[in-house]
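Student: The structure is given below, and queries will be raised subsequently.
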Amino acid sequence: MKITVAGEKKEVADDLSVAQLIEQENVETPQYVTVSVNEEFIDAEAFETHQLKEGDEVEFLYFMGGGR
């Protein structure tokens, strides 16, 4: 199936979970990544069970702290 990952169209296996995509994409520090699918945030607890669908748009986001 075709999905978009960080703005890039990709061909991936059917029934791919968010967790599998994180592994497949070699996401750095996966324990700190936030994932949105079609502009909706996915709870980290659901990464294993949330199945991606044809045409989904996936973004990996990192929230940084800091400042003064």
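Please treat every number below as a calculation from the coordinates, not as lab data. Remember, it's a predicted structure, so these values are computed and weren't measured experimentally. Cβ placement follows ideal geometry from the backbone for every residue including glycine, while neighbour counts extend to all protein chains displayed.
Student: Using a 10 Å Cβ count of at most 11 others and DSSP loop calls, identify the longest part of the chain lacking such chymotrypsin sites (Phe, Trp or Tyr not before Pro).
Tutor: The longest uninterrupted stretch comes out as 1-61.
Student: Provide Rg over Rh for the chain; use the alpha carbon set for both Rg and the Kirkwood Rh (inverse mean inverse pair distance).
Tutor: Result for the chain is an Rg/Rh of 0.99.
Student: Under a Cβ-only charge scheme (Lys and Arg +1, Asp and Glu -1), can you give me the dipole magnitude of the chain about the Cα centre, in debye to the nearest 20?
Tutor: 280 debye
Student: So if each residue of separation counts as 0.36 nm, and I subtract the Cα-Cα distance between LYS10 and ILE42, what length gain in nm does that give?
Tutor: Using 0.36 nm per residue and subtracting the Cα-Cα distance, I get 9.5 nm.
Student: Give the longest segment of the chain that steers clear of GluC sites (Glu not before Pro) in DSSP loops with at most 14 neighbouring Cβ atoms within 10 Å, not counting the sites themselves.
Tutor: Answer - 1-27.
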